[in-house]
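Report on the structure given below.
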Amino acid sequence: MKTRKLVAESDGERLDKYITQKETDLSRSFIQELVEAGHIQVNGKNAKPSLKLKNGDTITIEIPPETPPELKAEDIPLEIIFQDKDLLLINKPPGLTVHPAPGHPDHTLINGVLALEPEMEDFDDPLRPGIVHRLDKDTSGLLLVAKNREALANLSAQFKERTVRKYYLTLVQGELHPAEGFIEAPLGRDPQNRQKIAVVSNGRPARTGYKVLRYIQGYSLLEVKLETGRTHQIRVHFAAIGHPVAGDAVYGQKETWLKRQFLHAHRLSFSLPSNGQNVEFSSPLPPDLEEALKTLENPS
């Protein structure tokens, strides 16, 4: 059981609304469930979600441990770019979450992998078996999944040692100059919103290389090379320099002609765990992003 404590800073705020504002990783509905179950107390007493707080009230929140959902195989269409006895290389479609997490208990890429590989070896993390790296739900492109522990250790070491080369195609707002360069800025949790990542002085080192492929109607189409692999690295780095990824509603803004963030993992180079051979694979822009570019180039 995890415990959090808050002290009310004003009068008249509803209990559930106040906690939602302060504990941004907890949804209001989840907070209401905790209150009803007696896991939230005010000044040592159980309270209703609608309780009006007084300045100085002490709020104690007890969060019970999650019961991990059972991971089940699901028939989810997956495009396999390459596979051998050690790994799968998947061309992940947009809109598909990689592995189960709060709010996404099933219908993930891993559920689909288990249907393809029913004899897949057990891993220490039962909800993320074989996961070597991740892509955001709305990012498409190349994703590696290990089939056994040895391959997972080998591939994870390659990522840690930065011998894996990862290239993305992205469209950012504005004309980016210079046309080739690096963004180097440490990343960590946004102190104002723990659900977001930000450039922070005490964050982890992060370095992003880029090259402009062409300028299109006030946007820049880039090939990006990740030299580190921080959460939301590309999205945060380009937003930080005033060129957010097109269609990124979290770090930039939505676009009427684009249904998701314009970000695609299009090239991946690594060594095969079986024999050390270096291999490189590529994935062209998916149809939705190709269509978005045509719309941008030829506005009606």
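The values are calculated or read from the model by the stated rules, or taken from the named source; none is laboratory data. No experiment lies behind these values; they were computed from the predicted model shown. Here the Cβ positions follow ideal geometry from the backbone for every residue, glycine too, while neighbour counts run over all protein chains shown. The protein model used for the area step is the full one, side chains on, heavy atoms only, and it has no ligands, DNA or RNA in it. Shrake-Rupley method; radii C 1.70, N 1.55, O 1.52, S 1.80 Å.
Once the gyration tensor of the Cα atoms in the stretch 239-300 is diagonalised, the equivalent ellipsoid follows with semi-axes of 31, 16, 8 Å, ordered largest first. Where the centroid of each part is defined by its Cα atoms, how far is the stretch 179-212 from the stretch 96-171 in Å? Using only Cα atoms, the two centres lie 23 Å from each other. Computed with a 1.4 Å probe over protein heavy atoms only, the accessible surface of the chain comes to 53 Å² per residue.
Report the local net charge at His39: Lys and Arg +1, Asp and Glu -1, summed over other residues whose C-beta lies under 10 Å from its C-beta.
Details: positive: none; negative: Glu33, Glu36, Glu62.
My count for the surroundings of His39 gives -3.
Summary of packing: across the peptides 38-47, 170-179, the per-residue average of other C-beta atoms within 10 Å ranks them, highest first, as 170-179, 38-47. Partners of Lys2 within straight-line reach, counting aspartates and glutamates whose Cα lies under 12 Å from its Cα and excluding those fewer than 8 residues away in the same chain: Glu62, Glu66. How big is the equivalent ellipsoid of the stretch 131-246 along its three axes, where each semi-axis is √(5λ) from the Cα gyration tensor, reported in whole Å from largest to smallest? They are 26, 18, 13 Å, listed largest first.
Mean 1/r over all different Cα pairs, inverted: what Kirkwood radius does the chain give, in Å?
Values: mean 1/r = 0.0461 Å⁻¹.
Here the Kirkwood hydrodynamic radius works out to 21.7 Å.
For the stretch 53-160, what class follows from the C-alpha gyration tensor (a ≥ b ≥ c being the square roots of its eigenvalues): rounded when a/c is under 1.5, otherwise prolate if a/b is larger than b/c, else oblate? Prolate. For the stretch 1-90, the list of GluC sites (Glu not before Pro) that fall in a loop by DSSP and count at most 11 other C-beta atoms within 10 angstrom reads Glu66, Glu70. Counting charges near Glu227 (Lys, Arg +1; Asp, Glu -1) among other residues having Cβ under 10 Å from its Cβ returns a value of +4.
At a Förster distance of 30 Å, what's the computed FRET efficiency of Glu280 paired with Glu70, Cβ-Cβ distance as r, to 0.05? Before the final figure, lay out each step's value.
On the way: r = 37 Å, r/R0 = 1.23.
So the FRET efficiency works out to roughly 0.20.
Farthest toward the positive end of the dipole of the chain, out of Gly276, Pro118, Pro178, is the Cα of Pro178, where the dipole comes from beta carbon charges about the Cα centre.
Within a Cβ distance under 12 Å of Val98, other residues only, what is the Lys/Arg minus Asp/Glu net charge? Each step should come with its number before you reach the end.
Values: positive: Lys92, Arg128, Arg134, Lys137; negative: Asp136, Asp138.
For residues surrounding Val98, the net value is +2.
For the stretch 2-63, the percent of C-alpha pairs falling in each 10 Å distance bin, counted from 0 to the bin holding the largest distance, reads 25, 65, 10. For Lys225, a cut-off of 26 angstrom between C-alpha atoms picks up these lysines, skipping any fewer than 8 places away in its own chain: Lys92, Lys137, Lys160, Lys166, Lys196, Lys211, Lys254, Lys259, Lys294.
How do the peptides 210-218, 265-273 rank, highest first, by the average count of neighbouring beta carbon atoms within 10 Å per residue?
Values: 210-218: 14.0, 265-273: 19.6.
Descending mean neighbour count gives 265-273, 210-218.
When all protein chains stay in place and ligands, DNA and RNA are ignored, the 1.4 Å accessible-area order of Asp124, Asp288, largest first, is Asp124, Asp288.
Of all accessible surface on the chain at a 1.4 Å probe, what whole percent is carbon and sulfur? Carbon with sulfur: 47 percent of the solvent-accessible area. The charge dipole of the stretch 17-61, taken about the Cα centre with unit charges on the Cβ atoms of Lys, Arg (+1) and Asp, Glu (-1), comes to about 260 debye, rounded to the nearest 20.
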